[in-house]
Amino acid sequence: MRVLIVLTYYRPHTSGLTIYAERLARGLARRGHTVTVMTSRFDPATPREEVRDGVRVVRVPVAFRVSKGVIMPTFGFVATRLVREHDVVSLHLPQFDAAGVAARARLMGRPATLTYHCDLKLPPGPFNWAVNQVVHGMNRLAGLWADRVIAYTDDFAVHSPFLSRFAPKVEVIPPPVELPTAEAEAVQAFARRVGLDGRGPIIGMAARLAAEKGVEVLLAALPRVLEVYPHARVLFAGQYQDVLGEEAYARRLAPLFERYRERWTFLGVLSPQEMAAFYPNLDVVVVPSLNSTESFGLVQVEAMLCGVPSIASDLPGVRQPVLQTGMGEVVPVGHSAALAEAILRVVGDRARYVRPPAEIKARWSTERTAAEYEALFERLLAR
């Protein structure tokens, strides 16, 4: 079948949502489907159209930005053409333009699914508040016009105001998780590259430097961890410079990063192969997210595939990898002291938290996710 996937940001942008969409697109392409991704050309250096890993990517030019969003005057024209060319449409929210695409799909008789990744919560301020209201309204229209609404977990679906509104339409499909195999030499070379000397423990965090990720919670937990483990280090994988809309947040945390410069290392954005070498060097990974802009945390499962436990915030969806596997601990949201004590417990008795990789793969994989989307699309087409 011909599948159109629509989202605001795609590669080379890096976020949980873009990684999910990329894995889904490639997974469906491997299953023999023709897949097109429609997205914004947020970076003028990227081509307007290209084929990546068997997936056609169509980027719509951006006229200007509004907060973290983009305005694309020709979006409607391109969407009309692409919806007409495809059999099914897969929308990924939050996305301002999703309602218009869902309306086109309904008018043209194309089944449309809507995957709700997380809530949109912009920084405080009257302008951002107004933007939030507009996007929420458009998301609700997209939900009304979509045939099915997809959630990562029942936990998040039940607690999300958006998803609970569309409960009769909601289907749960586990998110796609995959990680290349890293040979022992690659893992050791990575350790040498980042200056690991055999002392630790090594605490990992993989995210953008963004306010909702709770980076300051880990920073505040460090003094207690360093009391017990003076040589503990944090390896932070992900974009940490020029993160869209997070410049003020980065400036606010800069003095703390300077204070712990011997204990905190920014690695930047890592390739999938580098991430596969990153995780085995960790003793624990932390996901101290602060709100429902995080709904799962794919990095938890990636780490678990490498035998690394996770410590996650007690947020709907985010807590599920730990609760479903027992491979880690869940701590109160924004509670630095609790995070510090959980780190000490996990690294002090790490073997108790480790589960076989096969058990993790059975729950989450790109193959399973793509197969479940395929089955859903076929049911909708048959109807």
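Relative to 2.2 N^0.38 Å, what does the C-alpha radius of gyration of the range 184-363 come to as a ratio? Two decimals please.
Numbers: Rg = 15.1 Å, N = 180, 2.2 N^0.38 = 15.8 Å.
Here the Cα radius of gyration is 0.95 times the empirical estimate.
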Run the Debye formula on the Cα coordinates of the range 30-100, all scatterers equal and no solvent, and tell me log10 I(q)/I(0) at q = 0.17, 0.18, 0.20, 0.26 1/Å. -0.67, -0.76, -0.93, -1.41
What nm distance separates the two modelled labels at Glu85 and Thr14, each placed 7 Å from Cα along Cα→Cβ? 3.0 nm
GNM flexibility winner over the chain from Ala21, Ala79, Ala254 (Cα, springs under 10 Å): Ala254
Could you tell me which of Pro73, Thr46, Pro230 has its Cα farthest along the dipole of the chain towards the positive end, charges placed at Cβ (Lys, Arg +1; Asp, Glu -1), taken about the Cα centre? Pro73
Mind telling me which of Ser90, Ser295, Ser160 comes out most flexible in a GNM of the chain, alpha-carbon contacts under 10 Å? Ser160
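Keeping to pairs on different chains or 8 or more places apart, tell me how many lysine pairs in the chain have Cα atoms under 28 Å apart.
6
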Quick one: Cα centre-to-centre distance for the range 33-69 and the range 101-116, in angstrom? 19 Å
Fluctuation leader among Ala210, Ala191, Ala63 - the chain, Gaussian network, Cα springs under 10 angstrom: Ala63
Order the peptides 211-224, 352-365 from the highest to the lowest mean number of other Cβ atoms within 10 Å of their residues. 211-224, 352-365
Spin-label pair Val51/Phe64, simplified geometry with 7 Å Cα→Cβ offset, distance in nm: 3.8 nm
Per principal axis, descending, Cα span of the range 295-355 in whole Å: 26, 26, 15
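Compactness ratio of the chain: Cα Rg over 2.2 N^0.38 Å, N = residue count?
Working: Rg = 20.7 Å, N = 383, 2.2 N^0.38 = 21.1 Å.
Output field value: 0.98.
I need the Kirkwood Rh of the range 149-262: take the reciprocal of the average 1/r across all distinct C-alpha pairs and report it in angstrom. Show your work: numbers first, answer last.
Details: mean 1/r = 0.0569 Å⁻¹.
About 17.6 Å, per the Kirkwood formula over Cα pairs.
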Compute, for the range 1-108, the length of the dipole vector about the Cα centre, with Cβ point charges of +1 (Lys, Arg) and -1 (Asp, Glu) only. Units Debye, rounded to 20. 100 debye
Using helices alone, I'd like the mean residue ellipticity at 222 nm for the chain: each DSSP H run of four-plus residues gives -39500 (n - 2.57), total over residue count, nearest 500. -12500 deg cm²/dmol
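The numbers here are math on the coordinates, done by the rules we state, and not lab data. The shown structure was predicted, so the numbers you read here are calculated from the model rather than taken from an experiment. Neighbour counts are summed over all protein chains in view; Cβ atoms, including those assigned to glycine, are modelled from backbone coordinates with ideal geometry.
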